[in-house]
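Visitor: Structure below; questions to follow.
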Amino acid sequence: MRSALLAAVALAGGASILAGQRPPPVQVITLGTGNPFPDPGRQGPATVVTIGGRVFLFDAGSGVERQLRAAGLPISGPAALFLTHLHSDHTLGLADLILTSWVMRRLAPFPIYGPPGTAAMVDHLTAAYAEDIRIRTDGLEHEVAGAWRVTVHEIGPGVAFDSGGVRVTAIPVRHGNWPVAFGYRIDAPGRVIVISGDTRPSDSLEVAARGVDVLVHEAYPSSRVAPEDRPGGKDWPAYLRSFHTSDEELGALAARARPRLLVVTHVEWMGASDSDLVAGIRRGGFTGRVAIAKDLDRF
């Protein structure tokens with residue numbers, strides 16, 4: 001079983017690449033496009049940028065290791081992980097990523113880049129699994145001692161990673177009352193990608209996204225916003241405005257930034273359809289290419 005899993009590295013076909021079409025050397029894969037609602041059809045937020053044979057992962061929502069496997073990507077750890085912020089839906093797969101990649105024969109640390117608090121989160125997660133680590137190391141599984149470790153870099157705005165022709169820049173964004181949240185710009189050979197993370201409309205993100213090849217951005221349908229009949233539900237519209245970006249706001253931002261492709265993910269659906277979101281983006285003024293992402297789509 002393990003040898004079969006470890007051999008699974010061939011790229012799978014994706015919904016956004018036409019049959020028979022050669023995939024681009026720099027590719028975006030939306031591993032998970034969900035939000036905190038436990039939708040069985042959408043795993044937690046996670047986006048991959050593949051550059052040659054390297055896998056750069058942005059956020060680690062629930063199911064991330066299984067989605068890497070489903071995408072035909074290495075399950076023994078990414079080249080690097082970048083966290084946009086520490087909300088639970090973006091980090092529920094972090095322990096899975098760290099420990100399962102070790103069990104799948106990761107032998108060296110991979111770097112994790114994230115906001116202040118990332119190191120404490122990793123320390124607490126690995127402490128919680130101390131007995132698991134001990135049994136797997138000292139028992140009959142004979143896992144490699146200490147190979148579960150990762151290297152954490154708590155970062156601020158600016159260049160977080162620059163190696164092998166790939167530069168990843170952390171963009172400060174505004175996500176409600178989170179003190180630090182990031183989007184990321186990835187400058188790779190022949191392609192530039194911006195990933196918004198969770199944010200309300202952000203001037204800094206708009207500047208970073210001007211003329212990029214792909215802008216991956218969250219959204220919610222403005223036409224569906226209303227107070228909800230649940231505890232705290234009357235504040236739902238205020239929450240959305242403070243923490244997230246409406247489809248119309250995204251359309252206006254994209255109309256100014258003019259990405260070649262706008263990919264919409266991490267949607268607060270509230271009963272809306274893909275066409276509802278696209279209509280809102282068009283009302284905002286963006287006339288370019290739009291894709292409403294599903295899990296495992298490729299761009």
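The values are calculated or read from the model by the stated rules, or taken from the named source; none is laboratory data. Remember, predicted model here, so these are calculated numbers, not experimental data. With ideal geometry, Cβ positions are generated from the backbone for all residues, glycine too; neighbour counts draw on all protein chains shown. Protein only, heavy atoms only, side chains kept; ligands, DNA and RNA dropped before computing areas. Shrake-Rupley method; radii C 1.70, N 1.55, O 1.52, S 1.80 Å.
Visitor: Shape call for the chain from the C-alpha gyration tensor, a ≥ b ≥ c root eigenvalues: rounded (a/c under 1.5), prolate (a/b greater than b/c) or oblate?
Guide: prolate
Visitor: Additional query: Obtain the nm distance between the two label points defined at Thr151 and Arg210 by a simple spin-label model: each point lies 7 Å from its Cα along the Cα-to-C-beta direction.
Guide: 3.5
Visitor: Treating the beta-carbon of each Lys and Arg as +1 and of each Asp and Glu as -1, no other charges, what is the dipole magnitude of the chain about its Cα centre, to the nearest 20 debye?
Guide: Details: 29 positive and 30 negative charges, 188 e Å.
So the magnitude is around 900 debye.
Visitor: Now, a different point. With all protein chains present, how much of the accessible area of segment 129-278 (probe radius 1.4 Å) comes from carbon and sulfur, to the nearest whole percent?
Guide: That share works out to 51 percent.
Visitor: Quick check: from the Cα gyration tensor, does segment 234-275 come out rounded (a/c under 1.5), prolate or oblate? Mind dumping the intermediate values first?
Guide: Values: a/c = 2.78, a/b = 1.58, b/c = 1.76.
Oblate, since a/c reaches 1.5 and b/c is not below a/b.
Visitor: For a quick check of understanding: with a 1.4 angstrom probe and all protein chains in place, what accessible area in square angstrom does Thr169 have, to the nearest ten?
Guide: 30
Visitor: Taking the chain as a Gaussian network, where each spring joins two C-alpha atoms under 10 Å apart, which residue of Pro231, Pro78, Pro201 fluctuates the most?
Guide: Pro231
Visitor: Can you give the local net charge around Leu97? Use residues other than it whose beta-carbon is closer than 14 angstrom to its beta-carbon, Lys and Arg +1, Asp and Glu -1.
Guide: Charge balance near Leu97 sits at +1.
Visitor: Going through segment 119-203, which GluC sites (Glu not before Pro) have at most 10 other Cβ atoms within 10 Å and a DSSP loop state?
Guide: Passing sites in segment 119-203 are Glu141.
Visitor: Moving to a separate point now. Show that you can apply the helix-only estimate: for the chain, add -39,500 (n - 2.57) for every DSSP H stretch of four or more residues, divide by all residues, and state [θ] at 222 nm to the nearest 500. List each step's numbers first, then the result.
Guide: Numbers: 10 runs with 82 residues, N = 299.
Only helices count here, giving -7500 deg cm²/dmol.
Visitor: Between Val159 and Arg230, 0.36 nm times their residue separation minus their Cα-Cα distance comes to what?
Guide: Between Val159 and Arg230, full extension yields 21.4 nm more.
Visitor: Would you mind getting me the FRET efficiency between Asp274 and Asn177? Use the beta-carbon distance for r and R0 = 30 Å, nearest 0.05.
Guide: FRET efficiency, Asp274 to Asn177: 0.45.
Visitor: Would you mind checking which residues have amide H under 5 Å from Tyr113's amide H? H placed 1.01 Å from N; only 5 or more apart, or other chain.
Guide: Leu81, Phe82, Leu83, His153
Visitor: Of Asp276, Asp247, Asp59, which is the most mobile in a GNM of the chain whose springs link Cα atoms less than 10 angstrom apart?
Guide: Asp276
Visitor: Additional query: Just how much of Ser223 is accessible, in Å², when a 1.4 Å probe is used and the result is rounded to the nearest 10?
Guide: Per-residue accessible area (Ser223): approximately 80 Å².
Visitor: For the chain, what is the accessible area per residue in Å² when the probe is 1.4 Å?
Guide: Each residue of the chain exposes 44 Å² on average to a 1.4 Å probe.
Visitor: Relative contact order (percent) for the chain, with alpha-carbon contacts under 8 angstrom and 6 or more residues of separation?
Guide: Across the chain, relative contact order equals 17 percent.
Visitor: Amide H to amide H under 5 Å from Phe161: which residues, 5+ apart in sequence or cross-chain, H placed 1.01 Å off N in plane?
Guide: Val168
Visitor: If you don't mind, there's one more thing I want to ask. With a ≥ b ≥ c the root eigenvalues of the C-alpha gyration tensor of segment 188-299, is it rounded (a/c under 1.5), prolate (a/b larger than b/c) or oblate?
Guide: Prolate shape, in that a/c is at least 1.5 and a/b is the bigger ratio.
Visitor: Okay, next question. Name the residues whose placed amide hydrogens come within less than 5 Å of the amide hydrogen of Leu92, ignoring near sequence neighbours (fewer than 5 apart) on the same chain.
Guide: Excluding prolines and chain starts, which carry no amide H, the hits are Ser62.
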